[in-house]
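This report refers to the structure that appears directly beneath it.
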Amino acid sequence: MTTTRTGPAVFRPVLLVTGGYATLSVLTLLVIVLFRNDHAMVTDAVWVRATLVVASSLLTLAFARSAARGSRKGLLRLRIVSAVMLVAIVVIVALPGLFPLWLRIEQAVCGLLLLGVTVLVNGRRARAR
């Protein structure tokens, strides 16, 4: 098995996707801060959701790094968190009126990233590791 500085090569795509998810989540929170005075764009629900997503995305990235270093617990945590967050995102995107359209679109992108993580960490190569 080929290894890299961050662990086995099988986890390289997982690390890239979870890194992208964390980056998008942090950038979204920065946009919210910039547009905080636009109450149509940034509601209280947007603040809460974005803060939770940043926290979960950083945890997801930490679990991916742990799994890449060979931690079984890290892999299990990554599997659970990515699946749970994916389900939560599907609900948020599907519910009309709860969040502004721009945040639902951002969450859909996050959901696609998490779908990729979920598929990768539950695949045969990751499980064999």
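Against the test of being of a type in the set (Val, Ile, Thr), in a helix (DSSP H, G or I) and touching a residue at least 40 places away in the same chain (Cβ under 8 Å), the options Val54, Val46, Val31, Val81 yield a single qualifying residue, Val46. Within region 78-98, one or more residues are among the small types (Gly, Ala, Ser) and in contact with a Leu (Cβ under 6 Å, 6 or more places away or on another chain).
Of the residues making up region 10-68, those that are touching a helix residue (DSSP H, G or I) at 6+ places or on another chain (Cβ under 6 Å), farther than 20 Å from Gly111 by Cα and either loosely packed, with under 13 Cβ neighbours inside 10 Å or small (Gly, Ala, Ser) (or both) number 3. Going residue by residue through region 39-50, is there one that turns out to be under 30 Å from Ala9 (Cβ atoms) and either among the β-branched types (Val, Ile, Thr) or over 15 Å from the mean Cα position of the chain (by Cα) (or both)? Within region 39-50 (the criterion being under 30 Å from Ala9 (Cβ atoms) and either among the β-branched types (Val, Ile, Thr) or over 15 Å from the mean Cα position of the chain (by Cα) (or both)), the answer is no, since none of the residues qualifies.
Annotation: Leu98 fulfils all but one of (1) within 23 Å of Val14 (Cα to Cα); (2) touching a helix residue (DSSP H, G or I) at 6+ places or on another chain (Cβ under 7 Å); (3) surrounded by fewer than 19 Cβ atoms within 10 Å (Cβ to Cβ); (4) not aromatic (Phe, Trp, Tyr); the unmet one is (1). Residues of region 69-85 that are surrounded by 17 or more Cβ atoms within 10 Å (Cβ to Cβ), touching a Ser or Thr at 6+ places or on another chain (Cβ under 6 Å) and of a type in the set (A, V, I, L, M): Val81, Met85. Within region 47-81, being among the β-branched types (Val, Ile, Thr) and under 14 Å from Asn122 (Cβ atoms) holds for Ile80, Val81. Gly97 passes every criterion in (1) on the phi > 0 side of the Ramachandran plot; (2) part of a helix (DSSP H, G or I) apart from (2).
Just so you know, in region 69-89 the residues that are in contact with a helix residue (DSSP H, G or I) (Cβ under 6 Å, 6 or more places away or on another chain) and of a type in the set (D, E, K, R) include one that is nearest to Leu112 (Cα to Cα), and it is Arg79. Every condition in (1) touching a Leu at 6+ places or on another chain (Cβ under 8 Å); (2) within 16 Å of Leu113 (Cβ to Cβ) holds for Val46 except the one numbered (2). Residue pairs whose Cβ atoms lie under 7 Å apart, separated by 6 or more positions or on different chains, with the first residue in region 102-119 and under 12 Å from Gly20 (Cα atoms) and touching a residue at least 24 places away in the same chain (Cβ under 8 Å) and the second assigned to a helix (DSSP H, G or I) and small (Gly, Ala, Ser), are Cys110/Ser25; Leu113/Gly20; Leu114/Ser82; Val117/Ser82.
No value in this document is a laboratory result; all are computed from the given coordinates. All of these numbers come straight from a predicted model, not from anything done at the bench. Positions of Cβ are backbone-derived with ideal geometry, glycine not excepted, and every protein chain shown enters the neighbour counts.
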